[in-house]
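Read through the structure below, which is laid out as structure tokens, and then see the notes.
The values are calculated or read from the model by the stated rules, or taken from the named source; none is laboratory data. Everything quoted here is computed from the prediction, not taken from an experiment. No Cβ is skipped: glycine too gets one built from the backbone with ideal geometry, and neighbour counts run over all protein chains shown.
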């Protein structure tokens, strides 16, 4: 096998892997986005269980709507490919607030408090699979 043929095989394998990674990243991003859309919709619709949950976290029931607006804006920005990273940063901040709110009421750590962390990590895995250059920006690769 000559050098050109070996390079072509390596390039084809790398391209196939990156396409598969990008597709998996899109699937993960869509799932995370769908979950967040449902969450925002519940808050915007003023569903009674959402209001009760908001009050259980120590917030006035009316704050659920404000939280829904913030989350909806972040999800829309996340859904637009050109601004997806900015949306992911906003969602990360939102999820950080969710962790803090759950810690404040001493909710169960693994199932409730860290759920927002799991969701955030999954969201960023999807972003990195879609945009591997983010690893370079974060200083994790060269």
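Here are a few things to note about the model shown:
- Qualifying residue in the stretch 127-140 (condition: within 13 Å of residue 33 (Cα to Cα) and in a helix (DSSP H, G or I)): yes
- Of all the residues in the stretch 67-82, those that are part of a helix (DSSP H, G or I) and exposed (fewer than 14 other Cβ atoms within 10 Å of the Cβ) number 3.
- Of all positions in the stretch 62-81, at least one carries a residue that is farther than 17 Å from residue 124 by Cα and modelled with pLDDT under 95.
- A count restricted to the stretch 94-114 and to residues that are without any contact (Cβ under 8 Å) to a residue 12 or more places away in the chain and at negative phi stands at 9.
- Yes/no for residue 50 being part of a helix (DSSP H, G or I), over 30 Å from residue 133 (Cβ atoms) and at pLDDT 95 or above: yes
- Some residue of the stretch 16-35 being more than 24 Å from residue 133 (Cβ to Cβ) and either part of a helix (DSSP H, G or I) or at pLDDT 95 or above (or both): yes
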